[in-house]
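Just below is one structure, and these are the notes that go with it.
Bear in mind that the values in this text are calculations on the coordinates, not laboratory data. Quantities reported herein were computed from a predicted structural model and do not represent experimental measurements. Don't worry about glycine lacking a Cβ; one is built from the backbone with ideal geometry, like all the others, and counts go over all protein chains shown.
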Amino acid sequence: MHWADVEADRLDDSILIATGITPSGPIHLGSLREILTGDAIRRAKGDAKLVYIADSIDPLRKVYPFLPENYEQYVGKPLSEIPCPCGDHETYAEHFLAPFLESIHRLGVECGVLHTHEMYAEGEYEEAVRKLILNRKKVKEILTTVTGRTLKDDWYPYNPICGECGKMHAKVTGFSDPYVEYTCRCGYEGKSDIRKAEGKLPWRCDWPARWWILGVDCEPLGKDHAASGGSWDTGKLIVKDIFDRSPPNPVVYEWIQLKGKGAMSSSTGVAIKAEDMLDTVGPEVVRFLLFKYKLQTHIDIEPGLGVLDMVDEYDAWEAGYFDGSLDDDSRRVYELSQVDEIPSRQPFRVPYRHLVNLVQIYEDEEHIWRLVRDEGCTEHDKKLFETRAEQVRYWLNNFAPDMVKFSILESLPKIELSDEEREFLKRYLEEIKPEEDWTPESLHQAVHNAAEETGIKKGKAFRAFYKIFIGESRGPKLGRFLAQLDRDFVIERLEEAVF
Ligand SMILES: [Zn+2]
Ligand SMILES: [Zn+2]
């Protein structure tokens, strides 16, 4: 059984699945694993709800490399109170959330969205904050026992936002319901109303509090939270002891890594933005990438040539779904990967790696379509082709290694061919002229045949073509490349070069 069905089977009916993130930087592909894990379980369960909680009241922790230097002044302020870096969004939090929410919409994720600054402002946390403060000795004991850290005797599970400087680094001095009294590092002494967004719970208390407030039954969590002594360990005790409630069903997932660079993280810049991945391969392939692996498996992403294998694998999987060669678990992976309804027949797919050449050879997309389509193609198939062609262009502009990029020279470049090269190419022309089928295999085989007959080294033989067609010493796989070009054009260009 697929893990989404296994997790769904563990849950009661009409349940709430929660996921969340702090929108402090570009939200990357790695963060999609959490929301998509929740979405897969929601789909498998049928009548479940999924909620995405943006920790918009969290403070800015430092000036990340992607921020202007003058953001130093905002460190310690809530993300919902900091201006957006580009000027187009209402707040800092929105600046990073907006593209992410757009991405999860494209991925077909159905979820409600909550912002913690609004939840605090609307008083939703009031009773939870009160319980935690009144039971702070117990909370403190859980935190120190489980984490091994020491907390001061006068510790409070609450971080007020200073009424003067707007930062979250004040020291709590007392509680007179509903006000938390504090002295700020800036010197200001004030009161924070727990019915408003004038402060927040620290993360380890906020998490169990929201399980109780919202009634969360299931929560996917990254392995950092799940580590021994981590926030899951303290959260499940706090929710039991303070809120008299069972913790949600935890679903732990592994990281997504950028191949050779480690786990994705916005703050280190080792990341691919979720929207970039969607523009490169489309939502179905992204879902597929996450659902074909077990949750405990880390996923390596290689956005260069790795993308070609990724999309090929999806196409092969899809073909297997329709020819009946997939087992039940694999069929489920395909079904969960779909954003819309599962197609009623196998879609016509032009291999991504073929399009990599075609969009570089021909500007006219209609022309490419006429070359690749077959008789049974529908308007829908054409749309799929157009979408993929656009994705390929995006990949070429953003992630493709230079070795796959080329442009066909409009006319024969001024090159000096050696006698050996000339002899070889003449022989090659004889090889291919009578050929009925203009296929990658026959065009490739002809290079070997002509090279053997004329005695030229193979590497040199291949290089001769690249010099003539793209003005480089290397290029795309030759057989397929030539097959994608117009036959008359190839022959004319070669004849012009040798005669
Ligand atoms: Zn912005
Ligand atoms: Zn202050």
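Summary table
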{"item": "22 Å Cα-Cα reach of LYS77 towards lysines, excluding residues that sit fewer than 8 places from it in its own chain", "result": "LYS62, LYS167, LYS171, LYS191, LYS196, LYS200"}
{"item": "Taking the C-alpha atoms of the chain, convex hull volume expressed per residue in Å³", "result": "184 Å³"}
{"item": "In nm, spacing of pseudo-spin labels at GLU102 and ARG185 (7 Å Cα→C-beta vector)", "result": "3.5 nm"}
{"item": "Net charge over other residues, Cβ less than 12 angstrom from the Cβ of LEU11 (K, R count +1; D, E count -1)", "result": "-4"}
{"item": "Computed lengthening from GLU472 to THR378, 0.36 nm per intervening residue step minus Cα-Cα distance", "result": "30.0 nm"}
{"item": "By average C-beta atoms within 10 angstrom, highest first, the peptides 419-426, 232-239", "result": "232-239, 419-426"}
{"item": "Förster radius 51 Å - calculated FRET efficiency between THR173 and LYS259, Cβ distance, rounded to 0.05", "result": "0.50"}
{"item": "Percent antiparallel among DSSP beta bridges (both partners in the chain, rounded to 5)", "result": "45 percent"}
{"item": "Distance in nm between pseudo-label sites at ASP9 and CYS86 (7 Å out along the Cβ direction from Cα)", "result": "4.5 nm"}
{"item": "At q = 0.15, 0.19, 0.21, 0.23 Å⁻¹, base-10 log of I(q)/I(0) for the range 419-498 (Debye sum, equal scatterers on each alpha carbon)", "result": "-0.43, -0.73, -0.93, -1.15"}
{"item": "Neighbourhood charge, 11 Å Cβ-Cβ cut-off, centred on SER80 and excluding it, Lys, Arg +1 and Asp, Glu -1", "result": "-4"}
{"item": "Neighbour-count order for MET277, MET1, fewest beta carbons within 10 angstrom listed first", "result": "MET1, MET277"}
{"item": "Where Cα atoms sit under 15 Å apart: lysine pairs in the range 419-498 separated by 8 or more or lying on different chains", "result": "5"}
{"item": "Between helix 92-106 and the chain: long-axis angle, C-alpha atoms, 0 to 90°, nearest 10", "result": "50 degrees"}
{"item": "When each of LYS45/LYS292; LYS49/LYS131; LYS261/LYS294 is checked by Cα-Cα distance, pairs over 25 Å", "result": "LYS49/LYS131"}
{"item": "Helix-derived mean residue ellipticity, 222 nm - over the chain, DSSP H n ≥ 4, -39500 (n - 2.57), to 500", "result": "-14500 deg cm²/dmol"}
{"item": "Burial ordering of SER56, SER407, fewest other beta-carbon atoms within 10 Å first", "result": "SER407, SER56"}
{"item": "Förster radius 41 Å - calculated FRET efficiency between TYR64 and ALA319 (Cβ-Cβ, nearest 0.05)", "result": "0.40"}
